[in-house]
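Here the structure comes first, spelled out in structure tokens, and everything after it is commentary.
Values in this text are rule-based calculations from the coordinates and carry no lab data. This one's a predicted model, so the numbers in the text were calculated from it and none came from an experiment. Glycine also receives a Cβ, built like all others from the backbone with ideal geometry; neighbour counts cover every protein chain displayed.
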Amino acid sequence: MTYLPNAQAERAEMLQALELDSLDDLFRHLPEKLRLDRVELPEPLSEVELVQYMRELGRLNARIPPSHSFLGAGASRRFSPAIVNQVISRPDFYTTYQAEASQGTLQATYEFQSMITLLTGLDVANASLYDGATALAEATAMAVAQTNRQNVVVAGALHPEYAQVLKTYSEAQHYEILRVATSTDGRVDGLKLEQAITSTTAAVILQQPNFYGVLEDPQSISELAHRSGALLIACVDPISLGILAAPGEYGADIAVGDGQPLGIPLSFGGPYVGFIACTEALMRRMPGRLVGATIDPQGRRGYVLTLQAREQHIRREHATSNITTNHALMALAATVYLAHMGGAGLKQLAEISAQRAHYLAAQLLERTGYRLAFDGPFLWEFVIHTPHPAEQTQALMLERGVLPGLPLGRFFPELPDALLVSVTELNHPRAIERFLEALA
């Protein structure tokens, strides 16, 4: 690559300030196997050839009907009313950028915040974050800053990918993460948790239901956290709040989660939307955007970004967060979904999912070699031990048109024969029978 003389001098000056010898040194922290000397690209194609090539690639995909997919672990196939896609497909929503100039976008975001506070039972929610993992990491940073403590305790089974994002944040923000293991019933070991929480603990992180699908006892964990002056961060599934206690009811200071179940398709991993809500005492620690309602000089109701200024976005290490935007379109999808379904709709979905999950689990237990990994209570996700390696079971069932769940060996080597099975309202009774037939 050829640089202009002054550009070359500027690069040399920046490298000197960074105490580096070359641009390659910027990437030396990356593992060698991830670095490429060059990228080998094929010859260019015409538009006709490219379209044909992509169609041929598409035919290689294994097509699994939504009803035959039992994959969960934080992203599940759920019903999305037609009105959701209809609203977010309007050009005035999906092409907007400057939220401050659009009363419609601001009002939609305000409604999203209001609905999240109703779901979580807390005082205030922000305009959304990127996904559940970043929402959890941002909530942890809030707790560390609020308490001025450098120790965070993870109570039981937290989603491994959330834990990875949390670890990345902790390395940059210099706080320690302590993980307390689960007991034989799949819940956090209460005695070990009590020993782990000390006067240096900034927050206790609780996923409810946890990664194994097991329901924790949030009230006792909340009491343990607050007894030591720590905050409680609840990581929740929004659909589960249709039948479970809201985080605010058991004393959570911050609630986070992923809004993907709220009418947002899987889309090969995104985009999704994260949500975060907190008590009023933590409001000024909130990352990202916050929309408020006001009255203009003519007495008309209006909406504005509040409790932050544009200057915050360039304050670097002094800012509340490096995230200065939100997933507005996905937040709008979640808002339309919640408005359409209502509290009664969420409750019905949660009950149907739980009933079908318990039916499938009971049927599996009648099969030779299958048993539940944990005996704690669960909603619609559960871990089942299979008589063969879980990845082998998954591969065989995929050949028969059923995606049975997530093999946990990729995250936990000690569970090579364990499948995390998720059941939603889309897994109708015929699909559940097909699951059982595919095992035969």
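What's the FRET efficiency of A395 with D37 using the Cβ-Cβ distance as r and R₀ = 41 Å, to the nearest 0.05? That pair, A395 with D37, gives E of 0.75.
Suppose we flag chymotrypsin sites (Phe, Trp or Tyr not before Pro) only when DSSP calls them loop and at most 13 other Cβ atoms lie within 10 Å. Which is the longest uninterrupted stretch of the chain? Between the exposed loop sites, the longest stretch runs 98-440.
With N as its number of residues, the stretch 119-256 has a Cα radius of gyration that, divided by 2.2 N^0.38 Å, comes to 0.94.
Annotation for the stretch 24-110: GluC sites (Glu not before Pro) lying in DSSP loop with at most 10 further Cβ atoms inside 10 Å of their Cβ are E40. When you filter the trypsin sites (Lys or Arg not before Pro) in the stretch 367-440 for DSSP loop state and at most 15 other Cβ atoms inside 10 Å of their Cβ, you are left with R367, R400. Taken over the stretch 56-96, the ratio of Cα radius of gyration to 2.2 N^0.38 Å equals 1.66.
Extending 7 Å from the Cα toward the beta-carbon at both N148 and T306 defines two label points whose distance is 2.9 nm.
Here each label is just a point 7 Å from Cα along the line to Cβ, and for E351 and F268 those points are 3.9 nm apart. Computed over neighbours whose Cβ is under 15 Å from that of V204, the net charge equals -2, Lys and Arg +1, Asp and Glu -1. Take every DSSP beta bridge whose two residues both sit in the stretch 63-211; close to 10 percent of them are antiparallel. Percent relative contact order of the stretch 76-167, based on C-alpha pairs within less than 8 angstrom and at least six residues apart? Worked out over the stretch 76-167, it gives 18 percent.
Each helix, a run of at least 4 DSSP H residues, gives -39500 (n - 2.57); summed and divided by the residues of the chain, these come to -11500 deg cm²/dmol at 222 nm. Close amide H contacts of S183 (hydrogens built in the peptide plane, cut-off under 5 Å, sequence separation of 5 or more or a different chain): V188, D189. Spin-label pair M283-S22: with each label point 7 Å from Cα along the Cα-Cβ axis, the two points sit 5.5 nm from one another.
Under a model in which nothing but the beta-carbon of Lys, Arg (+1) and Asp, Glu (-1) is charged, the chain shows a dipole of about 780 debye around its Cα centre.
Summary value for the chain: 21 percent relative contact order, contacts being C-alpha pairs under 8 angstrom separated by 6+ residues.
Beta bridges per DSSP, both residues in the chain: antiparallel share near 55 percent.
I'd like the projected area of the stretch 54-167, averaged over all directions, using the convex hull of its alpha carbons. Report it in nm² with one decimal. Projected area, direction-averaged: 11.8 nm².
Normalised by 2.2 N^0.38 Å, where N counts its residues, the alpha-carbon radius of gyration of the chain equals 1.08.
Using R0 = 22 Å, the C-beta based FRET efficiency linking T198 and A172 works out to 0.40. For the pair H388 and A344, what calculated FRET efficiency results from E = 1/(1 + (r/R0)^6), where r is the Cβ-Cβ distance and R0 = 25 Å, to the nearest 0.05? Here the calculated transfer efficiency is 0.05.
Helices meeting the span-like rule in the chain (full DSSP H runs, Cα extent of at least 27 Å along the helix axis, mean Kyte-Doolittle score of 0.5 or higher): 328-365. The stretch 204-293 has equivalent-ellipsoid semi-axes of 23, 19, 11 Å, by the square roots of 5 times the alpha carbon gyration tensor eigenvalues, sorted largest first.
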